[in-house]
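Since the structure comes first, as structure tokens, the remarks are kept for the end.
We did not get these values from a lab; they are worked out from the coordinates using the rules stated. In this text the structure is predicted, and so the values were computed from the model without any measurement. All Cβ positions, glycine included, derive from the backbone under ideal geometry; neighbour counts span all protein chains shown.
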Amino acid sequence: MAETEKVDHIDDKPMPLMDHLLELRTRLMWSVIAFVITFIACYHYSGQIYLFLAQPLADVFRENGEARKMIYTSLTEAFFTYMKVAAFGAAFFSFPVVAGQLWMFVAPGLYRSEKKAILPFLVATPVLFVLGASVVYYFVIPVAWKFFIGFEIPASGNGLPIELQPKIGEYLDLVMKLILAFGVAFQLPVALSLMAKVGIVTSAGLKKFRRYAVVVMTVVAAVLAPPDPGSMIMLAVPLMALYEISIIAARFVEPKPTEE
């Protein structure tokens, strides 16, 4: 027992409250500096980021043999849209620095065993977020855009045609919301595994809840994904697969019952 306590200790020295507040201020300051620097860089390349986010819609139009353009109906709409794009990119690229500063503030108060337990979750979080963002960008969005463009009515006879004229602000807001929603949804294994680690849920309980989880994930997919069957299925299926992965991960990290 004494040997275990000697190995698993806290690598920290007692600090007054004011020193903790100063440490917190320093970490927040570095996080803000990282965000501001990446924001300036992203605003400089906001045009390229816009082209990247608009590429799926451009590809759909190109498949139909059409050359379209986006519009903005307010003088300030394009400017503030580029600001949003820069802020979105800054939040994405500055996350490693912000997470590192948060870890440097919290880690000294943790035991070595707790650090080893939390580090895998910190690594998995950005990986799963990027995976979710990639799924929505490369698979869900192209299917959804084809579905929505299918509601256009071409000019024929004396009828009035219906043609899509996407606004730059509305389009990019929708794309960024979808990327954020899918990235957060793909954190399911991290959340359930962490809950299993602290004993809130168990792998056996997750197995019993599987049929209800399928219903819940279907509803979540219907809310987060664009309202077409293809997009909902393309979100629901990965969520179900991630739920199965969560059961396996929970089995490894959950506290083992002690034998009498």
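The angle between the Cα long axis of helix 46-63 and the main principal axis of the chain comes to about 50°, on a 0 to 90 degree scale. Taking the charge dipole of the chain about its Cα centre, with +1 at Lys and Arg Cβ atoms and -1 at Asp and Glu Cβ atoms, the residue from Leu24, Ser134, Phe147 reaching farthest to the positive side is Phe147. The ellipsoid that matches the Cα gyration tensor of the range 72-159 has semi-axes, each √(5λ) in whole angstrom, of 44, 20, 6, with the longest given first. Positive-end ranking of Val253, Gly100, Leu122 along the dipole of the chain, with charges on Cβ about the Cα centre, is headed by Val253. Each Lys or Arg adds one and each Asp or Glu takes one away; over the other residues whose Cβ falls under 12 Å from the Cβ of Phe61, this sums to -1.
Taking 16 Å as the straight-line reach from the Cα of Lys177, the lysines in range (excluding those fewer than 8 positions away in the same chain) are Lys84, Lys167. Other residues within the sphere of radius under 12 Å centred on the Cβ of Met217, judged by their own Cβ, net out at +1 (K and R +1, D and E -1).
The length gained by stretching the chain between Lys115 and Val198 to full extension, at 0.36 nm per residue less their Cα-Cα distance, is 28.5 nm. Rounding to the nearest 10 and keeping the result within 0 to 90°, find how far the Cα-based axis of helix 229-253 lies from the longest principal axis of the chain. Long axis of 229-253 versus the principal axis of the chain: about 10 degrees. Rounded to the nearest 10 degrees, the inclination of helix 112-135 to the longest alpha-carbon principal axis of the chain is 10 degrees. Taking a straight Cα-Cα cut-off under 25 Å and skipping sequence neighbours fewer than 8 places away in the same chain, the lysines within cross-link reach of Lys256 are Lys6, Lys115, Lys116, Lys197, Lys207, Lys208. With Cα atoms defining each centre, the range 159-191 and the range 62-99 are spaced 12 Å apart in the structure. Toward the positive end of the charge dipole of the chain, with +1 on the Cβ of Lys and Arg and -1 on the Cβ of Asp and Glu, the farthest Cα among Gly183, Val85, Tyr171 is that of Gly183. Stretching Val184 away from Ala91 to a fully extended chain increases their span by 32.1 nm, per 0.36 nm per residue minus the current alpha-carbon distance.
Cβ crowding within 10 Å ranks Phe79, Phe186 as Phe79, Phe186, fewest other Cβ atoms first.
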